[in-house]
Structures are given as C-alpha cells and as structure tokens.
Amino acid sequence: MRQTRVFWFIICILIGLTAGLIYGWWGNPPPPAQTTLPQLRADYKTDYVLMTAEVFRVEKDPASAAVRLLALDPHDPLRPVQEAILTAQENGFNNTDITLLADLASAMLSWQTVPTVVNR
C-alpha cells in the first residue's frame, strides 16, 4: 500500500513538472527582455569595459575602444572606464585587470580632444 502511494506521488510530480515546462517554454513563454547596455548592473558594465580593455591591449586603437565605450555612455567614453575601475576595486578584481582598465583610461584621456572656445 505504501509503495503504491509513493509511486503515484512521484508520477504526479513528474507529470506536473513536465506540464509546467511545456506550458512555460512553448505554451506561454515570457517575452524577451529589452535591455540596453546602459541599463546593465555595474558589475556587468565593468565586465564589458574589461573586455574592451583586453581588445584595446591587442589592437592599440583608442578610437575603436571609444566607439565600444560610447555604447555605455554616449557622451563620455572615459566615464564608464572610471566607474569600472572603482567597481573592480570594490569587487576585488585582480591587479592585472585593474591595470588593463587603467591603461584604457589613460588611452581615453589622451584620445579625447579638448575643444577650445575663443570668446571675442
């Protein structure tokens, strides 16, 4: 008697799980998230900037790195790098990664041109 109850209990659980998965995956799946890069959490932004820094280390092209960083902040490519350095330090990233970020920050500083305005 007890073995029959356990058997039917397990069968009901498996049927429920199967029905739930079928309904969730095919019957009524959730809509895909419409997330943009600026909406990412700080740790994911830091990972994105770190990947950009690793590509910059190989390519040595500050303009290409700036284009990638402008996806995070369309007004200033340096700001995401500065925020990434702070987040990396807070989250205990290793020194190699922080050095890569610092190299990218210095490249963004030297790449940016300061417009001069003459008032007369």
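One table, with the values for the structure above:
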{"quantity": "Yes/no for ARG41 being open to solvent by 100 Å² or more (accessible area, probe 1.4 Å) and modelled with pLDDT of 85 or more", "calculated": "yes"}
{"quantity": "Selection within the stretch 29-67 - without any contact (Cβ under 8 Å) to a residue 24 or more places away in the chain, out of contact with any Phe, Trp or Tyr (no Cβ under 8 Å at 6 or more places or on another chain) and not in a loop (DSSP other than H, G, I, E, B)", "calculated": "GLN39, TYR44, ASP47, MET51, VAL55, VAL58, GLU59, VAL67"}
{"quantity": "Qualifying residue in the stretch 101-111 (condition: open to solvent by 30 Å² or more (accessible area, probe 1.4 Å), part of a helix (DSSP H, G or I), without any contact (Cβ under 8 Å) to a residue 60 or more places away in the chain and closer than 18 Å to TYR44 by Cβ)", "calculated": "no"}
{"quantity": "Selection count where residues are over 15 Å from the mean Cα position of the chain (by Cα) and either among the hydroxyl-bearing types (Ser, Thr, Tyr) or open to solvent by less than 90 Å² (accessible area, probe 1.4 Å) (or both), scope the stretch 60-92", "calculated": "10"}
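The values are calculated or read from the model by the stated rules, or taken from the named source; none is laboratory data. Quick caveat, the model's predicted, so the values are computed rather than measured. When we count neighbours, we look across all protein chains shown, and the Cβ atoms used for this are built from the backbone with ideal geometry, even at glycine. Heavy atoms of the whole protein, side chains included, go into the accessibility calculation; ligands, DNA and RNA do not. Shrake-Rupley method; radii C 1.70, N 1.55, O 1.52, S 1.80 Å.
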